[in-house]
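One structure is given here, and the rest of the page talks about it.
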Amino acid sequence: MPKKMLPHDPLWPRAGHWLKSAAETPGTADIGLLGVPAHLTSITPTGAHATPGAIREALLRYSTYAPSRDIDLSTLTAIDFGDVADPDGAGGEARVRAAVARAAERVGLLIALGGDNSITVPVATTLLGEQAAGLQDGGLVTVDAHHDLRDGETNGSPVRRLVERGLPGARVVQIGIADFSNSPDYSARARALGITVVPRAALRSADLRSVAERAVEIASGGGGHVFVDLDVDVCDRAEVPGCPSAAPGGILADELRQLAFAFGSDPRVRGIDITEVDATSDSVDGRTVRLAALLALEAAAGYATRGVT
């Protein structure tokens, strides 16, 4: 059965059309999107390589306007830098880093579309390494059910790998760490590294804006750049069936949207990634991919408030 065409309404501009190619947008822009379709090193087999394209398609289902905040993203310029070719193959990390570096020169906030969580290593390393002291001056906030401190080089090891490359453990904050999704050894490793952990249980009664602000304050060390990893499997599995490692009882999709907005609004946040969504295993209604698209829009809406008092 042929796919139905979405209706055209000149008074209802679609978010997917807001994005312009790099060739169409000379000079600098506010927001950049870069697809990093890594998936081969995932502990759980995944089709996350299909997700960047699926997110772009999902963006066509949303407008650019957030009436609750009176923010219209059409007032911002946004560049879609396309996808990095073969990020898992030989030289893949170098290709990712080169693409991130090119994009970062042109935009205020870069949003990387995964792919699995392995993309956090080259994207964060490049963005945080812009500063004179490299990773020593940077900070990382993860919104994730897992510590990602495993040995090896998989989607379960990005935080450990970044710390080994020089990121101070005391400038890593992990929000949403879930019960029965981690081990005593890796929890002990997080404590030994000085990582600040905000467990999922603590979020049930917390003000999410305050949680985000405190996390960035710790990660920035008072002024450094911060990278934010939004691992969508932090959400309740019923809301994100396209996340292979999501568990019942995770945070709500709306809570993750609130956090994406809060991080996008903070000028210390240089980049955000959206990871661990497998578009090929999503539900028929596409709810997981649609949430990922909304996270990109929320982050952009947050960026629109920077400098607004």
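Scan the stretch 293-305 and tell me whether some residue there is surrounded by fewer than 24 Cβ atoms within 10 Å (Cβ to Cβ), of a type in the set (S, T, Y) and farther than 24 Å from A215 by Cα. No, every residue in the stretch 293-305 fails to be surrounded by fewer than 24 Cβ atoms within 10 Å (Cβ to Cβ), of a type in the set (S, T, Y) and farther than 24 Å from A215 by Cα. Within the option set T46, T64, being more than 13 Å from W18 (Cβ to Cβ) and touching a Pro at 6+ places or on another chain (Cβ under 7 Å) holds for one residue only, T46. Residues that are under 15 Å from T28 (Cα atoms) and touching a residue at least 40 places away in the same chain (Cβ under 8 Å) were ranked within the stretch 77-104; the one that is surrounded by the most Cβ atoms within 10 Å (Cβ to Cβ) is V100. Each residue in the stretch 115-137 was checked for being at pLDDT below 95 and in a loop (DSSP other than H, G, I, E, B), and 5 of them qualify. Only one entry of A99, A85, A38, A90 meets the criterion of being modelled with pLDDT of 95 or more, in contact with a strand residue (DSSP E or B) (Cβ under 8 Å, 6 or more places away or on another chain), assigned to a loop (DSSP other than H, G, I, E, B) and among the small types (G, A, S), and that entry is A38. Scanning the stretch 228-240 for any residue that is in contact (Cβ under 8 Å) with a residue 60 or more places away in the chain, among the charged types (D, E, K, R) and part of a helix (DSSP H, G or I) turns up at least one such residue.
Would you point out the residue of the stretch 180-210, among those that are within 25 Å of I119 (Cα to Cα) and in contact with a Leu (Cβ under 7 Å, 6 or more places away or on another chain), that is surrounded by the most Cβ atoms within 10 Å (Cβ to Cβ)? If we take residues in the stretch 180-210 being within 25 Å of I119 (Cα to Cα) and in contact with a Leu (Cβ under 7 Å, 6 or more places away or on another chain), then A190 is surrounded by the most Cβ atoms within 10 Å (Cβ to Cβ).
The values are calculated or read from the model by the stated rules, or taken from the named source; none is laboratory data. All of these numbers come straight from a predicted model, not from anything done at the bench. Positions of Cβ are backbone-derived with ideal geometry, glycine not excepted, and every protein chain shown enters the neighbour counts.
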